[in-house]
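Structure record follows, encoded as structure tokens.
The values are calculated or read from the model by the stated rules, or taken from the named source; none is laboratory data. Every value quoted in this text rests on a predicted model; they were computed, and no experiment measured them. Please note: Cβ atoms are built from the backbone with ideal geometry, for glycine as well, and neighbour counts cover all protein chains shown. Just the protein is used for accessible areas: all its heavy atoms, side chains included, with ligands, DNA and RNA removed. Shrake-Rupley method; radii C 1.70, N 1.55, O 1.52, S 1.80 Å.
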Amino acid sequence: MRPTQEQLLRSVRESLSDVVIPNVDDSWARYVAKGMEKILLHLEQRAAHEHEFLVRDTIELRALFTALASDEGLAAAGSFIPLAADLRDTLDQPALAEGDPPDALALLEENERHRALLVDVINVVEARDADTALAAVRESVRAMVRDELERDLELARPTFMLFGPPSTKAAAK
Amino acid sequence: MEPEVLTEYLRGRLPARPDLQVTGAKRVVGGMSRETWFVDFEWNGGTESESVTFRIDHEKGAVVPVPLEFEFRVHQALHGTQVPVAEPYWFEHDKTLIGQGPFYVRELVEGTASPKYLYAEGQEALRESVGLQFAELLGKVHTLDWNAAGVGDFMEVPELGPECALLELRRWQRNLAEHQSEPLPVAAQLFAYLEREAPTDVERVALVWGDVGIGNFIFRNDNIVALTDWEQSHLGDPMKDWASALWRGVDNLLPREKLFEEYERTSGIPVNLASIDYYLTFIDAEYVCTSHPILDRFTNTEVPDVTFARLGMGIPWYCMDHGMTMIGL
């Protein structure tokens, strides 16, 4: 079998880390090379997980939107009316994520359309923070946002850059 | 940066220094908002020498959405006040002068901003001393008569109260919205929290340094001699600076209680812990708003260099995770 994308990316990254970077004397050039190393790590993660994550994310978003579209508390919120129509329109369209394996770019675009709709949902339900009828909806939306973030972190973590140790006390809060 | 081009430029600016010759130009590794170069030059046949700092917009514009001239004006306003900053020399709009721009030149303050030196083994006494000085200097920033310094001429002035946070929040939200390459539900969640919880109890409208942390001040012979990185400064709640400082680990110099004690003793401004907690999340959101838009520069026809990709990915997701944790989600 020919080498996979992941294997080739790893090969490039390890050559960069083990051979090139130790021999770069210029500090700026070394900083750039280390940036390349991090992005290659990120690409390895994407090659391994992105397709699966996008499919799962879009399917979970559609399940959330289906529940929201029939939520009585949300339906009673005046500002929800235009959003309800957007939810129905989105759900009426068949999702690539639910069909045959689609092309990666189309899958990404579809997922981002769903995420944009989630942003609209957040803006409506969080603006009515005092509305107890929406408490359950808010909780399910917030849980979805955290789940999405966890998937994103799997891909983005190799690129993390810190410019100072974050306060451990604050982070533990 | 070609030494010949820099020599030509500096000769034009400093005609009284005969035979001026640039002897070195080194790009500083670290802060990515703009290019920073240390430039050395000598004159009088090499018998006299000086070094200056060049701050230059990247070829495709600045990373932080604040004009470079804003930073120059902050240095102009603060130099000579109780807040120590490098002296600004010249602001140049003309890109042809050095082949890149706009740019400005300022004094190169001798010393180091290196956290490595500060955290080296055996530097406990230095860390304590620098920590106490830092707390006192932060108080000096916050007690500065910013009106007298002319800062109110070019910074928006919020009303005392929630507007101190909300004015700034809206500025960063706008920047994200204008350069957003993908929808960010986490950012929407953080914004909702920040909008809802903006502190009402604000001691004073103060000059806020904005980008506070270890690495953003210069120390020499155990003394802090200059505060740097003013491009995100604004007028608002002084507690935001404490959040920024703690976010970047200033309490690794001294326990936060000691830092707060010194700040309150020297400035007279009470520390508001609830506000600091709020602003810790604000800092996360602000970093998302300043760094994620960098990815907008990747298009079908043009891509910036890889350091921009690293910055645009490496900061926002870290901060989104930290911010969500801070608000208990």
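What does the extension gain come out to for B:Ala16 and B:Tyr117, with contour length at 0.36 nm per residue minus their alpha carbon separation?
32.6 nm
Computed on protein heavy atoms with a 1.4 Å probe, what is the summed buried accessible area for the chain pair B and A, in Å² to the nearest 100?
Roughly 4000 Å².
Assuming R0 = 22 Å, can you tell me the calculated FRET efficiency for the pair A:Ser70 and A:Glu98, based on Cβ-Cβ distance, to the nearest 0.05?
0.70
Could you compute the FRET efficiency for B:Asn147 and A:Ser15, with r as their C-beta to C-beta distance and R0 at 56 Å, rounded to 0.05?
Step by step, r from the Cβ atoms, then E = 0.45.
Peptide A:109-115: average number of partner chain Cβ atoms within 10 Å per residue?
Mean shielding count: 2.
Considering only protein heavy atoms, with the full assembly of protein chains and a 1.4 angstrom probe, order A:Leu96, B:Leu311 by accessible area, largest first.
Listed by decreasing accessible area, they come as A:Leu96, B:Leu311.
How large is the charge dipole for region B:180-261, taken about the Cα centre, if only the Cβ atoms of Lys, Arg (+1) and Asp, Glu (-1) carry charge, to the nearest 20 debye?
The calculated dipole for region B:180-261 is roughly 140 debye.
May I ask you to derive the FRET efficiency for A:Asn123 and A:Ile81 from their Cβ-Cβ distance with R0 = 22 Å, giving the value to the nearest 0.05?
0.95
Average partner chain C-beta neighbours within 10 Å, per residue of A:122-133?
2
Please list, by residue number, everything in region B:109-126 whose backbone N is under 19 Å from a paramagnetic label point 7 Å out along Cα→Cβ of B:Lys258.
Hits in region B:109-126 for B:Lys258 at 19 Å: B:115-126.
Using a 1.4 angstrom probe with every protein chain in place, what is the largest-first accessible-area order of A:Glu14, A:Glu148?
Output order, biggest surface exposure first: A:Glu14, A:Glu148.
Go ahead and estimate [θ] at 222 nm for the protein assembly as shown from helices alone: -39,500 (n - 2.57) per DSSP H run with n ≥ 4, summed, over the residue count, rounded to 500.
Roughly -16500 deg cm²/dmol at 222 nm, from the helical runs in the protein assembly as shown.
When the accessible area of region B:196-313 is split by element with a 1.4 Å probe, what percent falls to carbon and sulfur?
Taking all protein chains in place, region B:196-313 shows 44 percent carbon and sulfur surface.
Region B:90-154: Rg/Rh from Cα coordinates, Kirkwood Rh?
Taking Rg over the Kirkwood Rh, I get 1.15.
Could you look at region A:5-158 and say what percent of its accessible area is carbon and sulfur, using a 1.4 Å probe and all protein chains?
Using a 1.4 Å probe with all protein chains present, region A:5-158 comes out at 53 percent carbon and sulfur.
Averaged per residue, what accessible area in Å² does chain B show with a 1.4 Å probe, protein chains only?
On a per-residue basis, 40 Å².
Multiplying the sequence separation of B:Ala125 and B:Glu87 by 0.36 nm and subtracting their Cα-Cα distance, what value in nm do you get?
10.7 nm
Starting from the Cα gyration tensor of region B:18-152, take the square roots of the eigenvalues, sort them a ≥ b ≥ c, and report rounded, prolate or oblate (rounded when a/c is under 1.5, otherwise prolate if a/b is larger than b/c, else oblate).
oblate
From the square roots a ≥ b ≥ c of the eigenvalues of the alpha-carbon gyration tensor of region B:42-107, which class results: rounded (a/c under 1.5), prolate (a/b over b/c), or oblate?
Here region B:42-107 falls in the oblate category.
How many angstrom separate the Cα center of region A:67-110 from the Cα center of region B:109-136?
For region A:67-110 versus region B:109-136, the Cα centre distance is 54 Å.
Could you tell me the center-to-center distance, by alpha carbons, between region B:312-328 and region B:199-228 in angstrom?
Cα centres, region B:312-328 to region B:199-228: 23 Å.
Decide, for chain A, between rounded, prolate and oblate: order the square roots of the alpha carbon gyration tensor eigenvalues as a ≥ b ≥ c, take rounded if a/c falls under 1.5, and otherwise choose prolate if a/b is larger than b/c, else oblate.
Judged from the Cα gyration tensor, chain A comes out oblate (a/c at least 1.5, b/c at or above a/b).
Rank B:Ser129, B:Ser275 by accessible area, highest first, at a 1.4 Å probe radius?
B:Ser129, B:Ser275
Specify the inter-centroid distance of region B:1-58 and region A:1-55, based on alpha-carbon positions, in whole Å.
36
How many partner chain Cβ atoms sit within 10 Å of a residue's Cβ in peptide B:299-307, on average, as a whole number?
2
Take B:Leu160 and A:Glu150, extend 7 Å from each Cα along the Cα→Cβ direction, and tell me the distance between the two endpoints in nm.
The two pseudo-label positions are separated by 4.6 nm.
Please tell me which of these pairs span more than 32 angstrom C-alpha to C-alpha: B:Lys116/B:Lys140; A:Lys34/B:Lys140; A:Lys34/B:Lys95?
Where the Cα-Cα span goes over 32 Å, the pairs concerned are A:Lys34/B:Lys140.
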